[in-house]
Amino acid sequence: MEGGGGSGNKTTGGLAGFFGAGGAGYSHADLAGVPLTGMNPLSPYLNVDPRYLVQDTDEFILPTGANKTRGRFELAFFTIGGCCMTGAAFGAMNGLRLGLKETQNMAWSKPRNVQILNLVTRQGALWANTLGSLALLYSAFGVIIEKARGAEDDLNTVAAGTMTGMLYK
């Protein structure tokens, strides 16, 4: 392989040459027949222009006339679900706190574990229902106000929050 064919590759012995160690690279003569338009030669087998791989445009195809942002109705589902999950997590932690506090005089046994589990699930469901209901009211008022006014602005948010608070209390 010495000087034959103009390959210019360094030959190394053992596994180091197999795994690419030792600084072996391709010469320009090796890559002469490979069409690589506008890119640094990474490999003789890579036949893609990297400009096609850059995604600087939007990822989704939208119907004609559609907004690029989500409306209040689409965000309502995220709001309601997020509030239910947050309420369940907060309620479960509160139930665990209450369960440990109420059963602190009991020895660790099956009845104590059952009582703690009951408080965790009861409090989790209570808080999830409460926060989910509030989120449902807020989202419904927000969508109704937006449709009635025909505008998307902060006044809708303030009005929806005010109406939700008035109805809840």
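Observations on the model:
- Residues in segment 150-169 that are in a helix (DSSP H, G or I), more than 29 Å from the chain's Cα centre (by Cα) and at pLDDT below 90: Tyr168 only.
- Residue match in segment 95-110 (condition: open to solvent by 80 Å² or more (accessible area, probe 1.4 Å) and either on the phi > 0 side of the Ramachandran plot or of a type in the set (A, V, I, L, M) (or both)): no
- Residue tally, condition part of a loop (DSSP other than H, G, I, E, B) and in contact (Cβ under 8 Å) with a residue 24 or more places away in the chain, over segment 71-123: 1
- Number of positions in segment 134-169 that are surrounded by 12 or more Cβ atoms within 10 Å (Cβ to Cβ), in contact (Cβ under 8 Å) with a residue 12 or more places away in the chain and within 26 Å of Ala89 (Cα to Cα): 13
- Any hit, segment 30-53, residues being open to solvent by 70 Å² or more (accessible area, probe 1.4 Å) and modelled with pLDDT of 65 or more: yes
- Taking the conditions (1) within 30 Å of Thr69 (Cβ to Cβ); (2) open to solvent by 40 Å² or more (accessible area, probe 1.4 Å) in turn, Val114 satisfies each one other than (1).
- Of the numbered criteria (1) surrounded by fewer than 13 Cβ atoms within 10 Å (Cβ to Cβ); (2) in contact with a Cys (Cβ under 9 Å, 6 or more places away or on another chain), the one Phe78 fails is (2).
The values are calculated or read from the model by the stated rules, or taken from the named source; none is laboratory data. From a predicted model like this one, the values you see are computed outputs, not experimental measurements. So basically every Cβ, Gly included, is an ideal-geometry build from the backbone, and we count neighbours across all protein chains shown. SASA here: full protein model, heavy atoms, side chains in, ligands and nucleic acids out. Shrake-Rupley method; radii C 1.70, N 1.55, O 1.52, S 1.80 Å.
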